[in-house]
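Taking it in order: structure first as structure tokens, then the write-up.
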Amino acid sequence: MRGPRARFPVEVRVRTGREYRQAFADHRRVSTRHFSLHLHMRDGGFCRLGMAVSRKVSPNAVVRNRIKRQIRESFRLTYASLPHGDCIIVARVSAGALDRAAIRADLDLLWQRLRALPPVAPTGKIAPSAMLAAEPSNPDSLPPHIDSPAPNSASGRVPE
């Protein structure tokens, strides 16, 4: 009888359809000849893995499961050096004909390309540190959430 099976921890898996949709909607993607990786960046934490190996890759479940085992093992060996986010690996049809060594070589190339991605530029409003570095000509023109003056004691309002 065999011992307890080693499982892929829940904490490092992309599990819900919403998480898969977010990763596919994000436009950060790296590819190799046999695999495509979609990345949805997250703050903090660690890298999580999701896989999509369809019947188009191979109608044989044994082949699909072999590909998934190779993906999981390759991820296990490299996830500590990967950026924080959700990684979805999609196997292309050509991956079904590969042997284990070719799958691992292609996945190693995929991880290298993922690590080489430039960091995400911040979006949205100007960072608070950039706003504080610039000296305004009129201190009363600051927005109320940054260095606002004390309320007027007579009316209880902030002067505008």
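The rows are residues; the columns are (1) among the polar types (S, T, N, Q); (2) closer than 13 Å to residue 36 by Cα; (3) under 16 Å from the mean Cα position of the chain (by Cα).
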residue	(1), (2), (3)
66	no, no, no
70	yes, no, no
80	no, no, yes
87	no, yes, yes
98	no, no, no
106	no, yes, no
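Given the residues 153, 94, 129, 148, which is the only one that is out of contact with any helix residue (DSSP H, G or I) (no Cβ under 9 Å at 6 or more places or on another chain) and at pLDDT 65 or above? Walk me through it before giving the result.
Working: 153 fails: at pLDDT 65 or above; 129 fails: at pLDDT 65 or above; 148 fails: at pLDDT 65 or above.
Checking each option against the conditions leaves just 94.
Yes/no matrix, rows are residues, columns are (1) in contact with a Phe, Trp or Tyr (Cβ under 7 Å, 6 or more places away or on another chain); (2) assigned to a loop (DSSP other than H, G, I, E, B); (3) polar (S, T, N, Q); (4) buried (at least 16 other Cβ atoms within 10 Å of the Cβ):
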position: 57; (1), (2), (3), (4): no, yes, no, yes
position: 73; (1), (2), (3), (4): no, no, no, no
position: 89; (1), (2), (3), (4): yes, no, no, yes
position: 105; (1), (2), (3), (4): no, no, no, no
position: 108; (1), (2), (3), (4): no, no, no, no
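Looking at segment 8-18, is at least one residue more than 11 Å from the chain's Cα centre (by Cα), under 26 Å from residue 99 (Cα atoms), modelled with pLDDT of 95 or more and surrounded by 10 or more Cβ atoms within 10 Å (Cβ to Cβ)?
Checked segment 8-18: no residue is more than 11 Å from the chain's Cα centre (by Cα), under 26 Å from residue 99 (Cα atoms), modelled with pLDDT of 95 or more and surrounded by 10 or more Cβ atoms within 10 Å (Cβ to Cβ).
Pick from 48, 42, 64: which is within 17 Å of residue 120 (Cβ to Cβ) and either touching a residue at least 60 places away in the same chain (Cβ under 8 Å) or crowded, with 16+ Cβ neighbours inside 10 Å (or both)?
On inspection, the qualifying residue turns out to be 48.
The values are calculated or read from the model by the stated rules, or taken from the named source; none is laboratory data. In this text the structure is predicted, and so the values were computed from the model without any measurement. Note that we place each Cβ from the backbone using ideal geometry, even for glycine, and neighbour counts take in every protein chain shown.
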